[in-house]
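Heads up: the structure comes next, in structure tokens.
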């Protein structure tokens, strides 16, 4: 009896298992896309539907259930072979192939994308598909670019391989704007559609092939965003190659694939870079970037302030889709964004700049860029543009120099949207090239600024002293610190290790961040969310503290025009390394500087009597600079008074020139060193304190 009961239980379990397996296989074999089209069949499972149909008959499929595009979703499909559709360069006009995808809500409001397969690399130089984008709404009336219930938005071209490629229709929102994308490119957002609700959308996928039997794989819609079109606060349309650099900047290479089809021809690029955030024009707006002139396809580019309707100001590619000749171009890419939004056009070949507004386009001014004639190397290559918008016009500064005043843009142009402007980059018509392009490295807009740009910062090991940095934050975001981890990748610094005093514009970084790290130079970044300031800090070995140079006398007298012997000055550089001697316009042929003896740290500076005899009465300051193995900068100064008597008789000359007059490297020096200048005793005291003090070197 017991054995019979066991067999019954085993049989029941086996039967249940069989039913479970059958249910699983039944579920897996049920495609989510279904059709009632004549001659069409659908097989597959919940993930992918394998679809075939009849040539010359449209296959119309509907996906079961609703899809939430408000949160982002995408649909993928594969045309396995080129012969699974009727590829035709004239498909726009003869309709030999198309894919029509629609996503609509219960009210019939939504989007339609019609895709034409025009070129295959099997038979031509490029692959190409056209994508027509329409807004659907029963309330739309027939008119310009519209028929009843449907408004034509634009056409964009993609250059992915048609066959054996997983194509993607991606619909989602970013920053409140709708993006209708295909294969990594997107239609330009239309702000008027921002309120559209596609949280419960019904999907239709229609596939037509005129002469070849249609066959394709259609995947069930997946939740999520396949690709973002707002990266690092910049809106772009998909053709960019984007790279986050180690110095907290972003490189954008405008790799517009239209260049492959129109190689060598004059074309206008579709791509732009536009700030996704509006900035208050009642305050100065700064833009910090570096344009790579080393391999540029363009000789012009523009930077400007987009007005509230900046997206609407961009010309799209549009065909006469509702007319008889559907291949007629009725609107094409242009420089409309620069023409309609005040900006500055930079001529990279001539070093001249001019306003983009047509009525002021004849104004030309020179500019000097920090971008070297080679790819971007670091923050020293950054240019800074500042726009100051006023009641009656705009002033524009480039690297601190006023380039243009009274540009046409005025405050009232931004009143309608709360005085917000949208900075942009625009690339002009150019000879299409697949080997060259437009490359820009962007830091951001209204980024934090060091209040002492030439300051050098040092933290000495074992000092337990925090670092204080002057920092201005013109943005609205809070200051956060970024620092490299063990692999050199920037990470957000723990908030307990720094603080920012906005009122006093002071950033404090705790010594504990440096403690235990290798003695080296560390590049830290103070970010406000729109960009960052780079802070280079040397964490110094206390055993390598360097004495500043000292001069045997602080002042010397020279009788006007009557000196008969050269002036000799002795300077002890101690354990420093000789760097330079400058002041009063002296050049290298006006002096010599040599060690007093082999191995001596005392240098003898001999200033030519001819140089001094030609100086008018006055007081002249000379500076000796040294450095160390850590590239620190140290200095001392002495004065030479020229006159009839030692009481002087002339005016004081400037302490030092901003540049080395002998044509050597520009001098960063000032009148003091990081440790201090004075007697040997004072220097020795400074050396003794170096192990416990934080050293901050300011270089004027």
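A few points about this structure:
- Peptides 450-457, 45-52 ranked from most to least packed, by the mean per-residue count of other Cβ atoms within 10 Å: 45-52, 450-457.
- Inter-probe distance in nm under a simple model that places probes 7 Å from Cα toward Cβ, at residue 364 and residue 521: 3.9
- Nearest-0.05 FRET efficiency for residue 451 and residue 478, computed from C-beta distance (R0 22 Å): 0.75
- At an R0 of 35 angstrom, the distance between the Cβ atoms of residue 541 and residue 384 translates into a FRET efficiency of 0.50.
- Of 490, 198, 411, the sequence from fewest to most neighbouring Cβ atoms within 10 angstrom is 411, 490, 198.
- The modelled label-to-label distance for the pair residue 38/residue 142, using points 7 Å beyond Cα in the direction of Cβ, is 2.9 nm.
- Sequence-separation-based contact order of region 153-242, relative, with Cα cut under 8 Å and 6+ spacing, percent: 26
- Global form of region 316-362, assessed from the alpha-carbon gyration tensor, a/c cut-off 1.5: prolate
- Computed over region 301-416, the ratio Rg/Rh where both radii use C-alpha atoms and Rh is Kirkwood: 1.08
- With Cα atoms, 0 to 90° folded angle of helix 2-28 axis to the chain main axis: 70
- Counting every C-alpha pair in region 449-543, the share spaced more than 17 angstrom apart comes to 47%.
- With the alpha-carbon atoms of region 231-445 aligned to their principal axes, the span from lowest to highest coordinate is 52, 41, 33 Å, starting with the largest.
- Taking the number of Cβ atoms within 10 Å of each Cβ as an exposure proxy, the fewest-first ranking of 249, 641 is 641, 249.
- Inter-site label distance for residue 373 and residue 161 at 7 Å from Cα along Cβ, in nm: 4.1
- Look at the alpha carbon pairs under 8 Å that are at least 6 residues apart: their mean separation over the length of the chain gives a relative contact order of 10 percent.
- Packing, taken as the mean count of other beta carbons within 10 Å per residue, orders the peptides 360-367, 205-212, 395-402 from highest to lowest as 205-212, 395-402, 360-367.
- Each principal axis of the Cα cloud of region 165-240 was taken in turn, and the coordinate range along them, longest first, works out to 45, 31, 22 Å.
- Cα centroid separation - region 615-638 against region 134-188, whole Å: 66
- Cubic angstrom per residue, convex hull over Cα atoms of region 240-292: 135
- Listed peptides 126-133, 552-559 appear in the order 126-133, 552-559 once ranked by packing, highest mean of other Cβ atoms within 10 Å at the front.
- On Cα atoms only, tilt of 680-689 relative to the major axis of the chain in degrees: 30
- The ranking of 113, 352 from fewest to most other beta carbons within 10 Å of each one's beta carbon is 352, 113.
- Region 100-220: C-alpha gyration tensor shape, a/c 1.5 cut-off, then a/b vs b/c: prolate
- Cα gyration tensor shape of region 477-517, rounded if a/c is under 1.5, else prolate or oblate by comparing a/b with b/c: oblate
- Linear extension gain, residue 629 paired with residue 436, 0.36 nm per residue minus alpha-carbon span: 65.4 nm
- R0 of 30 Å, Cβ-Cβ distance residue 192-residue 222: FRET efficiency to nearest 0.05: 0.60
- Matching label, mean projected area of the Cα convex hull in nm² computed from the structure shown, candidates [x] 35.0; [y] 48.1; [z] 51.4: [y]
- 18 Å reach of a label modelled at residue 265, 7 Å along Cα-to-Cβ, counting backbone N of region 95-122: 118-121
- Stretch gain in nm, segment residue 494-residue 64, where the contour uses 0.36 nm per residue and the Cα spacing is subtracted: 150.0 nm
Coordinate-derived values only; no laboratory data. Since the structure is predicted, the reported quantities are computational estimates derived from the model, not experimental observations. We place every Cβ from the backbone using ideal geometry, glycine too, and count neighbours over all the protein chains shown.
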